[in-house]
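Colleague: Below is the structure I would like to discuss, written out as structure tokens.
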Amino acid sequence: MVNLIWMALTIIGLIFAVVNDRVEQVNKAIFQGATDAVTISIGLISILVFWLGLMKIAEASGLLDKLAILFRPFITRLFPEVPKDHPAIGYILSNMMANMFGLGNAATPLGIKAMEQLKKLNGNKDEASRSMITFLAINTSSITLIPTTVIAVRITYDSANPAEIIGPTLLATIISAIGGILLDRYFYHRRVKKERKIK
């Protein structure tokens, strides 16, 4: 569906450019956009490689394991249906650590693995379980200590202080994470009350 929407927008844009005699401007915008995309991608690759390297060092030194141990009691309370020694807990913790360091690209495969494990716990049903919904809320609104991707984009565009975004990002993501967890719990308890009334 998304592909059809993008195709429709492209065709409408080209028709609009032809009708309004702006084909040359559209061509310039296409080539400029392509150039910017390559520039941003190279900037993102360099900063992501740097932080992924630091993550690997943190993993080798045992720092990630210590952080995982620190957060494990919190995670087991958020996911009461998931056994404490289940692989899903490890993937959830790894996903959270990657998101905390702003490594969205590294966090995505870990998030997919966590969802696969949670789906197995749910009996491979198509309907999302409570744990799957909670994980989605946390993953979407995760706390970010270092917004690596945003810093990389700011460096690419010659920001005077690329790291000044760290404070506001941390505050915003703490608020979003708390809000996501509270909303998740609210709708869960609301659904439980409705089910009890029906019974």
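Colleague: In the range 116-140, how many are hydrophobic (A, V, I, L, M, F, W, C) and within 24 Å of ILE175 (Cα to Cα)?
Modeller: Qualifying residue count, the range 116-140: 6.
Colleague: Further, regarding this structure: If you check ASN124 against the conditions, is it modelled with pLDDT under 90, surrounded by 13 or more Cβ atoms within 10 Å (Cβ to Cβ) and either of a type in the set (S, T, N, Q) or under 20 Å from TYR91 (Cα atoms) (or both)?
Modeller: For ASN124, the condition - modelled with pLDDT under 90, surrounded by 13 or more Cβ atoms within 10 Å (Cβ to Cβ) and either of a type in the set (S, T, N, Q) or under 20 Å from TYR91 (Cα atoms) (or both) - is not met.
Colleague: While we're here: If I ask for residues that are open to solvent by less than 70 Å² (accessible area, probe 1.4 Å) and either assigned to a helix (DSSP H, G or I) or among the basic types (Lys, Arg) (or both), which ones from the range 61-86 would you list?
Modeller: Correct list: LEU64, LEU67, ALA68, PHE71, ILE75, THR76, LEU78.
Colleague: Scan GLY111, GLY123, GLY180, GLY102 and give me the residue that is touching a helix residue (DSSP H, G or I) at 6+ places or on another chain (Cβ under 6 Å) and on the phi > 0 side of the Ramachandran plot.
Modeller: The unique qualifying residue is GLY102.
Colleague: Might you check whether a residue that is surrounded by fewer than 19 Cβ atoms within 10 Å (Cβ to Cβ) and at pLDDT below 80 occurs anywhere in the range 102-110?
Modeller: Yes, some residue in the range 102-110 is surrounded by fewer than 19 Cβ atoms within 10 Å (Cβ to Cβ) and at pLDDT below 80.
Colleague: Right, PRO168: within 22 Å of ASP36 (Cβ to Cβ) and either open to solvent by less than 70 Å² (accessible area, probe 1.4 Å) or not basic (Lys, Arg) (or both) or not?
Modeller: When the stated conditions are applied, PRO168 does not pass them.
The values are calculated or read from the model by the stated rules, or taken from the named source; none is laboratory data. Computed from a predicted structure; not experimentally measured. A quick note on method: Cβ atoms are made from the backbone with ideal geometry, for glycine too, and the neighbour counts reach across all protein chains shown. Surface areas here come from the heavy atoms of the whole protein model, side chains and all, with no ligands, DNA or RNA. Shrake-Rupley method; radii C 1.70, N 1.55, O 1.52, S 1.80 Å.
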